[in-house]
Amino acid sequence: MTSDRVIDQYIDEIWLEKGLSENTLAAYRRDLDALGHGLCKPLLEATEPDLMAMLAKRYEQGYQARSSARWLSCIKGFYRHNLAKGRSKSDPAAHLEHPKLGRPLPTSLSESEIKALLSAPEVERPIGLRDRAMLEVLYATGLRISELIGLSMASINLRQGVVRVVGKGGKERLVPVGQEALRWVVRFVEEGREALSGADTAVLFPSRRGRAMTRQTFWHAVRKYAVKAGIDRTVSPHTLRHAFATHLLNHGADLRAVQMMLGHADLSTTQIYTHIAQARLKELHKTHHPRG
């Protein structure tokens with residue numbers, strides 16, 4: 001089989017077996033396409049030296065260790081899968097080692113910065129009202145951006161104050177939404193949503209053309225509002241997810257509860273936020289304690 005056919009078959013099979021999201025599958029396809037173009041031979045004919053040379057080339061081109069580790073995980077999964085299916089006689093990636101990674105703390109925002117960011121949209125306009133509601137929901141729930149833009153009118157229960165989210169791997173979870181965020185959602189639905197969508201879409205937060213928003217559109221909106229709020233560092237929708245978790249822990253939330261709301265499969269993923277909270281406590285102690 002050609003490399004393109006092998007990739008198509010692999011993507012289809014892992015979609016069926018693991019239920020991975022479209023974004024994850026697209027990332028895998030990009031990595032495998034890049035590998036196929038770099039090898040100059042069919043993927044299933046690659047040898048360990050071929051893959052080592054590709055990995056070395058990535059380092060020469062300045063790819064970060066985390067990016068190369070993600071790439072290598074994709075490659076290892078691909079060859080392991082094809083070996084198990086009997087399409088290849090050996091696994092050329094079996095003995096390749098992952099680069100050692102540090103664990104950088106996620107970038108977060110202070111509560112005053114969040115307040116400034118949430119106040120940045122011009123809520124007199126439908127677009128601004130929509131963006132204010134989206135920012136409020138993002139900070140109140142810690143959703144991923146793909147989860148936020150994928151919300152439908154049926155996803156949110158205004159009476160019970162919860163939102164039903166379909167996360168990674170198609171897993172559903174219920175996340176509570178605070179009263180302030182609910183208030184902005186109700187205001188947007190009553191005053192601004194029809195101007196953007198009419199009655200033609202079930203999307204909760206439509207684009208100006210009444211369609212589902214893209215991640216890039218909202219990412220650029222968040223960057224714009226961060227500049228307007230006077231925040232002098234890079235801010236993305238994911239930054240609000242970090243702020244959601246960090247601020248909950250700062251105020252005494254249970255780590256397991258935060259894990260459930262974030263939709264993390266492994267508690268160790270959530271534990272990174274305890275380091276942020278501890279760092280914040282040390283900073284407060286140093287600043288305010290007489291002997292800090």
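The values are calculated or read from the model by the stated rules, or taken from the named source; none is laboratory data. What you are looking at is a predicted structure, and each value in this text was computed from that prediction instead of being measured. Cβ atoms come from the backbone with ideal geometry, glycine included; neighbour counts cover every protein chain shown.
Does the stretch 236-251 hold any residues that are assigned to a helix (DSSP H, G or I) and polar (S, T, N, Q), and which are they?
Residues satisfying the conditions are Thr239, Thr246, Asn250.
Only residues that are closer than 23 Å to Arg164 by Cα, surrounded by fewer than 19 Cβ atoms within 10 Å (Cβ to Cβ) and among the basic types (Lys, Arg): list them for the stretch 226-264, please.
Of everything in the stretch 226-264, just one residue is closer than 23 Å to Arg164 by Cα, surrounded by fewer than 19 Cβ atoms within 10 Å (Cβ to Cβ) and among the basic types (Lys, Arg), namely Arg256.
Take Arg173 and tell me if it is farther than 16 Å from Glu136 by Cα and touching a residue at least 40 places away in the same chain (Cβ under 8 Å).
When the stated conditions are applied, Arg173 passes them.
Limited to the stretch 1-45, what total is found for residues that are among the small types (Gly, Ala, Ser) and at positive phi?
The number of residues fulfilling the criteria is 1.
Can you tell me which residues in the stretch 142-166 are in contact with a helix residue (DSSP H, G or I) (Cβ under 7 Å, 6 or more places away or on another chain), over 15 Å from Met213 (Cβ atoms) and either outside the structural domain of Pro206 (by TED's automatic domain parsing) or touching a residue at least 24 places away in the same chain (Cβ under 8 Å) (or both)?
Answer for the stretch 142-166, where residues must be in contact with a helix residue (DSSP H, G or I) (Cβ under 7 Å, 6 or more places away or on another chain), over 15 Å from Met213 (Cβ atoms) and either outside the structural domain of Pro206 (by TED's automatic domain parsing) or touching a residue at least 24 places away in the same chain (Cβ under 8 Å) (or both): Gly142, Ile156, Leu158, Val163, Val165.
Take the stretch 17-33 and flag every residue that is over 21 Å from Gly150 (Cβ atoms) and modelled with pLDDT of 90 or more.
Hits for the stretch 17-33 are Arg30, Asp31, Leu32, Asp33.
Working only within the stretch 209-235, note down all residues that are part of a loop (DSSP other than H, G, I, E, B) and out of contact with any helix residue (DSSP H, G or I) (no Cβ under 6 Å at 6 or more places or on another chain).
Correct list: Arg209, Arg211, Thr214, Gly230, Asp232, Arg233, Thr234.
Might you check whether a residue that is within 30 Å of Arg233 (Cα to Cα) and either in the same structural domain as His242 (by TED's automatic domain parsing) or not charged (D, E, K, R) (or both) occurs anywhere in the stretch 8-20?
no
Could you tell me how many of the residues in the stretch 195-225 are more than 25 Å from the chain's Cα centre (by Cα) and either crowded, with 16+ Cβ neighbours inside 10 Å or over 14 Å from Ser152 (Cα atoms) (or both)?
Looking only at that region, the number is 4.
Would you pick out the residues in the stretch 135-150 that are outside any helix (DSSP H, G or I) and out of contact with any strand residue (DSSP E or B) (no Cβ under 8 Å at 6 or more places or on another chain)?
The one that is outside any helix (DSSP H, G or I) and out of contact with any strand residue (DSSP E or B) (no Cβ under 8 Å at 6 or more places or on another chain): Arg144.
May I ask you to verify whether Val165 is surrounded by 21 or more Cβ atoms within 10 Å (Cβ to Cβ) and part of a loop (DSSP other than H, G, I, E, B)?
no
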